[in-house]
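In what follows, a structure is listed as structure tokens, so that the remarks can point back to it.
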Amino acid sequence: MGDAVTANHRTLVLRAFLAVLVGAMGVLWVYAFFLAPSGNPDRVEDRAWATAAEARCAQALSEIALLPTAASAPDPATRADDLDEATAVVRAMVDDLAALSGGSEDDRDLVAHWLADWEVYVADRLSHAERLRTEGDVKPLLTALASGAGSVLERMNGFARVNDMESCLDPGDM
């Protein structure tokens, strides 16, 4: 009789555990479908800010388009000089983006992280120009994320895409 009571007790415990597990999964799905915030967490709420940023980035791209292309440079030193000119345009754009007002506190936090990525990218551009002068015809080195899952450039461009700011992708001129 003791074995039957133990078996019934184990069955009861197993059924209780399974009931709690099924209930927890149900609560998770109710939260996921009805209560959890939707949308991309990197999307800024203030669409006017994103529109203003897009316009400023488009202006910078227009300025960069007027500069000589890397393919037209006769040597790496000239290419470095051209890259420095384009980087000055990018630097001014980043400064102007930082000065744009508006957005919620969350928006400002997202933008601050995005602008920090731009700062790393500007430093990478300056470093590449210096390497062109000292090492000759070399490929650009872009800063990787600390996690090892891609580059700062990819994250920076991802934020621009999520916020419909296609002109705010990297200029692609390196």
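Laboratory data are not the source of any read-out in this text; all were calculated from the coordinates shown. This one's a predicted model, so the numbers in the text were calculated from it and none came from an experiment. Methodologically, a virtual Cβ is constructed for each residue, glycine included, from the backbone with ideal geometry; neighbour enumeration extends over all protein chains shown.
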Practice task
May I ask for the angle, rounded to the nearest 10°, between helix 2-30 and the longest principal axis of the chain, with both axes built from Cα atoms and the value confined to 0 to 90°?
Solution key: 30 degrees
Fill in the blank from the handout: Listing Met25, Met93, Met156 by rising number of other beta-carbon atoms within 10 angstrom, fewest first, gives Met25, Met156, Met93
Handout entry: Global geometry of the chain, whether rounded, prolate or oblate, following the gyration tensor of its Cα atoms and the 1.5 cut on a/c
Key = prolate
Problem - Nearest-ten-degree value, helix 76-99 long axis tilted from longest Cα axis of the chain - result: 60 degrees
Exercise for the section: Could you state the angle between the C-alpha long axis of helix 152-162 and the longest principal axis of the C-alpha atoms of the chain, as a value from 0 to 90 degrees rounded to the nearest 10? Expected result: 70 degrees
Problem - Top positive-direction residue, dipole computed over the chain with Cβ charges, set Val20, Ala129, Ala65 - result: Val20
Completion exercise
Other residues with Cβ under 11 Å from the Cβ of Val152 give, with Lys and Arg +1 and Asp and Glu -1, a net charge of -4
